[in-house]
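Visitor: Below: one structure in structure tokens.
The values are calculated or read from the model by the stated rules, or taken from the named source; none is laboratory data. Keep in mind it's a predicted model, so treat the numbers as computed, not measured. All Cβ positions, even for glycine, are placed from backbone atoms using ideal geometry, and neighbour counts span all protein chains on display.
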Amino acid sequence: MHETREWLLGGLVLIPILCGGIMAARVPKGIRNLLIVLGGMTTIACSILLALGGTQRIALHPSLGIAGAVLEPLVGALVCWIGLRIRSRLICAMAAMPLLLTLASLLTGNWAHTAETVVVIDSLSLVMVLIISIVGGLITFFAIGYMDQHEQHSTPTAMDGGSFLGVLVAFLGLMNGLVLTDDLRWLTIFWEATTLCSFLLIGYEGSLESNNSARRALLINTFGGTCLAVASFVAERDGHGTLSSLLTSSALLPLALMAVASMSKAAQLPFQSWLLGAMVAPTPVSALLHSSTMVKAGSYLVLRLAPALDATVLGGIISLAGAFTFAAASAMSISQSNGKRVLAYSTIANLGLIAACAGIHSPLAFAAALTILIFHAVSKALLFLCVGTIEQTIGSRHIEDMGGILFKMPLTTTVAIIGMASMMVPPFGMLIGKWMAIEASVDNPLILLLLILGSALTIFFWSKWLGRITTASYHHKYTIEKVSIWMSSILLIMGLAVLTASLGALPIQRYVIKPVSLSFFGQYGTRTSLSLLDSVDAFLGWPLLVVLGAILISVLVGSALFRKSHIRLPYLCGENVDTPEYSFIFRSIADTPSMALLNSYYLSRVFGEQRIEMICNPIAILIVISLFGVIFQ
Amino acid sequence: MITPNPTFQIALLILLAPFFGALIAGLDRKITARMQGRIGPPVLQPFYDVMKLLRKEPIVVNRIQVVYAFLHLAFMALSLILLVLGQDSLMFLFVFAFSTLALVLGGMCVRSPYSRIGSQREIMLMVAYEPVLIVLMIGMYLVNGSFLLASPIAAARPMLFTLPLIFIAVLVVLAIKLQKSPFDLATSHHAHQEIIKGLTIEYAGPYLAILEIAHFYEIALLFYLIMLFWASSLLIGALLACAAFFLMIIADNVFARLTSIWTFRFMWTGALILSLTNILWLYL
């Protein structure tokens, strides 16, 4: 039995890395696509088999511990070398830190710590592995079709498509390794390796903008990686070589350092700028690394730490930082008209919400964090893929240009509508998560306030966007757009997954999220928080079905009552000019045809990015500093 | 006390609530007219309006618009049911918010600048009042120890005494939801406020009737929400709600329109801080 488990781990971590490595060697296109399918399918199958096996600890061969100790400084040296190549002294200095720490541990004599290398398969890592493998696998399939088109008009400076896809596939393995390992050194290695993947993929275009964004991403994430390396050094000095043993200790410094690492990875304020820069990368990268998986490594780490934050001020501050990020990022997204940047800000906000819940320390809060983690991964990946498809067709990612796409590309738009609805409409999972988060934070007034303000602001940009893409004049015939079968099938599969997940919200809540959260937090549950957790179950019973029924009936009745003969042109303060293409041209002064046009509100004078950054970044920095302040008090 | 069968209760609500709402709307028009020195329409005028609209030829701009109208109606009725059956208060708010959102999206999905302006203003209003309503629910939780909307009814003291400042803030929200001046900027009931109708301009005939019926549900819902502040006695609760509605009519006739950004600022400073102060002493 143990043997099969080890094979599964190999399939989850090594196979994708191997496939990616071969693809980087400029193989023909056919073999390349075959390797992607092979890597993706293997991880999906292995993750499901692993999940069916339940939770377990597996001790791997002790030599892996030594390998980790050797590899850690090597990865540091690699980043150092890249830092030299892109002429950033700061990156060099930070990446040199693991080298120095290895030296220090060699001198102090606890270099090759004898602790066996353990893989912890518990419910949290299983949830993460399933997200990474299934959502990630689907995104790599999508990337086959996307890159086919993208390569045709890519810039001459761009990276070769094979290497690009290779890094994307290899990333799946690295990410699986990150969430499965319990060894602190391996955690640091995988952490830094995912940073490198992100760096390579953001720099894909090779243009000045993408190079700068890649450099910034590397800088900020190396800072986080260095924090993690220092944390693991400090923990090892105290005799804790694994994450699980660290969590039983009462040492606060490693926890605070890890919290900072998780904040930088999850692009929380004040580290958010790298994620916005990362939006220059092709859409599959944004969907895979920068919304559904890599940034979730930050959320994963903070959720791992959560049980250890019992009755510490640290937990409160992590929670505050998260809630603050949620409110500030939601406010900033209002002024954005670039679809990908809106999605990026919304991602930052939701990751903040997860961190806020992780610090609250109750079963309900943990359940809320898990709900958001799972549903956000699927919905946001789907939305990024939709924006990518739309961009390839209409040539723009600006929200204002997306009017009328319902007619031009009905399939993608329908899927996008489902995706957006799933972010804010009852009874979809995200809203259930937000609902639980608000109820869980009811004893923390400050966090509660930030969550309330943030969730009100999110209505603004989603409804604006949803209104824009459903704008349509009447066309009697819809032609399904021509996109690659790889892309359209993945969009359909994921759209259906979002719909079924909302139908299955009750079973998911009852049989997955609640037991997981109780297994982590059962002993901390106060009576009220447990009863609130039960009330989630109660709501998801009949009211959920009624809500779903109301949506279904309205859509059916609404569409059935519609007749073509009922169509009239909108009132435009003048006689309409009847053209086949546009119905918003009217006769203005002296009978000249004019076009009626109204852009959405962006309120940049109130919610302008720079304006809010100027206020919020300093506050966020203060929160990070206070994270360390509470340790030394 | 006899607890009626929930199915019976739901059926009764769905059937009777619009009539109740229409009656309130009719009284509103009558009283407003008297305040302006007019005789005004008969009290039953809103019924006649809806009846006539329903018999008219359906006119639409596109298919989605119709779907949104039905979503608006269905979710409004649903939120009323959740409220009266005493379900979870935050979930009630989300369903209620989605109903308004469907109305907004219905206005946005047509290529009419007037309708779009109305929609965007309505979104601004939603963002402005939503925090106050959530704070109301948090206040209810702190007072009654439960998120269920049934809990205020079981409470011994009327919520008006424990949440007085929130009550004031909710009155402002009431003005926004009833489209009363100074907050009737998305669309108005009065001809003197706008030259061209906002949000609902592209709805006509039976589909406009659907929006009207949804508004009747909304009136009933808001009436019940105010009644919750004195839930121990049905009569006093109803009197309180009547007084609140009367106050709205006075405000409607006294004020002129605000701009949307001004409304937003007013709600996030004035009304929100007022209700937060109320929460603050409940935490202490």
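Visitor: Considering only residues that are within 23 Å of A:Gly454 (Cβ to Cβ), within 8 Å of chain A (Cβ to nearest Cβ) and either not in a helix (DSSP H, G or I) or not polar (S, T, N, Q) (or both), which ones fall in the stretch B:109-127?
Guide: The answer is B:Ile123, B:Met124, B:Met126, B:Val127.
Visitor: Counting just the residues of the stretch A:536-552 that are facing chain B (nearest Cβ under 9 Å) and at pLDDT 75 or above, which one comes out surrounded by the fewest Cβ atoms within 10 Å (Cβ to Cβ)?
Guide: A:Gly549
Visitor: How many residues does the stretch A:69-104 hold that are within 19 Å of A:Leu178 (Cβ to Cβ) and charged (D, E, K, R)?
Guide: Qualifying residue count, the stretch A:69-104: 1.
Visitor: Oh, and also: Taking A:Ile394, is it without any contact (Cβ under 8 Å) to a residue 40 or more places away in the chain, more than 14 Å from chain B (Cβ to nearest Cβ) and of a type in the set (A, V, I, L, M, F, W, C)?
Guide: Judged against the criteria, A:Ile394 is a match.
Visitor: Let me ask something else about it. Return only the number of the condition from (1) within 21 Å of the chain's Cα centre (by Cα); (2) modelled with pLDDT of 90 or more; (3) outside any helix (DSSP H, G or I) that B:Arg38 does not satisfy.
Guide: Condition (1) is where B:Arg38 drops out.
Visitor: Can you say whether A:Leu103 is surrounded by fewer than 17 Cβ atoms within 10 Å (Cβ to Cβ), without any contact (Cβ under 8 Å) to a residue 60 or more places away in the chain and touching a Cys at 6+ places or on another chain (Cβ under 8 Å), as far as the supplied structure shows?
Guide: no
Visitor: Out of all the residues in the stretch A:574-598, which are surrounded by 14 or more Cβ atoms within 10 Å (Cβ to Cβ), facing chain B (nearest Cβ under 9 Å) and not hydroxyl-bearing (Ser, Thr, Tyr)?
Guide: If the condition is that a residue be surrounded by 14 or more Cβ atoms within 10 Å (Cβ to Cβ), facing chain B (nearest Cβ under 9 Å) and not hydroxyl-bearing (Ser, Thr, Tyr), then A:Phe584, A:Ala596, A:Leu598 are the ones that fit.
Visitor: Among the residues of the stretch A:191-201, is any farther than 20 Å from A:Ser286 by Cβ and hydroxyl-bearing (Ser, Thr, Tyr)?
Guide: no
Visitor: Further question on the same structure: Kindly indicate the residue of the stretch B:91-124 that is among the aliphatic types (A, V, I, L, M), touching a residue at least 24 places away in the same chain (Cβ under 8 Å) and more than 24 Å from B:Ile81 (Cα to Cα) and also surrounded by the fewest Cβ atoms within 10 Å (Cβ to Cβ) among those meeting that condition.
Guide: Among those that are among the aliphatic types (A, V, I, L, M), touching a residue at least 24 places away in the same chain (Cβ under 8 Å) and more than 24 Å from B:Ile81 (Cα to Cα), it is B:Ile117.
Visitor: Among what's in the stretch A:553-573 and is part of a helix (DSSP H, G or I), surrounded by 12 or more Cβ atoms within 10 Å (Cβ to Cβ) and of a type in the set (Ser, Thr, Tyr), pick the residue that is nearest to the other protein chains (Cβ to nearest Cβ).
Guide: That would be A:Ser554.
Visitor: Same structure again: Any residue at all in the stretch A:483-503 that is touching a Pro at 6+ places or on another chain (Cβ under 7 Å), within 21 Å of A:Ile417 (Cβ to Cβ), modelled with pLDDT under 80 and buried (at least 17 other Cβ atoms within 10 Å of the Cβ)?
Guide: yes
Visitor: Would you tally the residues in the stretch B:43-71 being within 12 Å of chain A (Cβ to nearest Cβ) and either in contact with a strand residue (DSSP E or B) (Cβ under 7 Å, 6 or more places away or on another chain) or among the hydrophobic types (A, V, I, L, M, F, W, C) (or both)?
Guide: Adding up the residues that qualify gives 9.
Visitor: Does the stretch A:17-31 contain any residue that is closer than 20 Å to A:Val120 by Cβ and out of contact with any strand residue (DSSP E or B) (no Cβ under 7 Å at 6 or more places or on another chain)?
Guide: no
Visitor: Here's another thing I want to ask about it. Checking the structure you have, find out if any residue of the stretch A:119-126 is part of a helix (DSSP H, G or I) and closer than 28 Å to A:Arg215 by Cβ.
Guide: Within the stretch A:119-126 (the criterion being part of a helix (DSSP H, G or I) and closer than 28 Å to A:Arg215 by Cβ), the answer is no, since none of the residues qualifies.
Visitor: Based on this model, can you work out whether B:Phe229 counts as more than 14 Å from chain A (Cβ to nearest Cβ), buried (at least 22 other Cβ atoms within 10 Å of the Cβ), over 29 Å from B:Ile117 (Cβ atoms) and not β-branched (Val, Ile, Thr)?
Guide: So B:Phe229 fits the description; yes.
Visitor: Hey, could you check the stretch A:269-285 for residues that are more than 21 Å from A:Gly145 (Cα to Cα) and among the polar types (S, T, N, Q) and say which is farthest from the chain's Cα centre (by Cα)?
Guide: Across the stretch A:269-285, the extreme among qualifying residues is A:Ser273.
Visitor: Here is a further query. Would it be correct to say that B:Leu78 is within 11 Å of chain A (Cβ to nearest Cβ), in a helix (DSSP H, G or I), hydrophobic (A, V, I, L, M, F, W, C) and more than 16 Å from the chain's Cα centre (by Cα)?
Guide: In short, no.
Visitor: What residue, among those in the stretch B:128-168 that are of a type in the set (S, T, N, Q) and more than 9 Å from every other protein chain (Cβ to nearest Cβ), is nearest to B:Leu276 (Cα to Cα)?
Guide: Checking each candidate, the answer is B:Thr162.
Visitor: Is it the case that A:Ile58 is more than 16 Å from A:Ile132 (Cα to Cα), over 27 Å from the mean Cα position of the chain (by Cα), part of a strand (DSSP E or B) and in the same structural domain as A:Glu192 (by TED's automatic domain parsing)?
Guide: Yes; evaluated as a whole, the condition is true for this residue.
Visitor: Only one of these is within 13 Å of chain B (Cβ to nearest Cβ), more than 29 Å from A:Met258 (Cβ to Cβ), over 21 Å from the mean Cα position of the chain (by Cα) and crowded, with 23+ Cβ neighbours inside 10 Å: A:Leu406, A:Leu431. Name it.
Guide: So the residue among A:Leu406, A:Leu431 that is within 13 Å of chain B (Cβ to nearest Cβ), more than 29 Å from A:Met258 (Cβ to Cβ), over 21 Å from the mean Cα position of the chain (by Cα) and crowded, with 23+ Cβ neighbours inside 10 Å is A:Leu406.
Visitor: From A:Ala367, A:Ala421, grab the single residue that is farther than 29 Å from B:Thr277 by Cβ, away from chain B (no Cβ under 14 Å) and assigned to a helix (DSSP H, G or I).
Guide: A:Ala367
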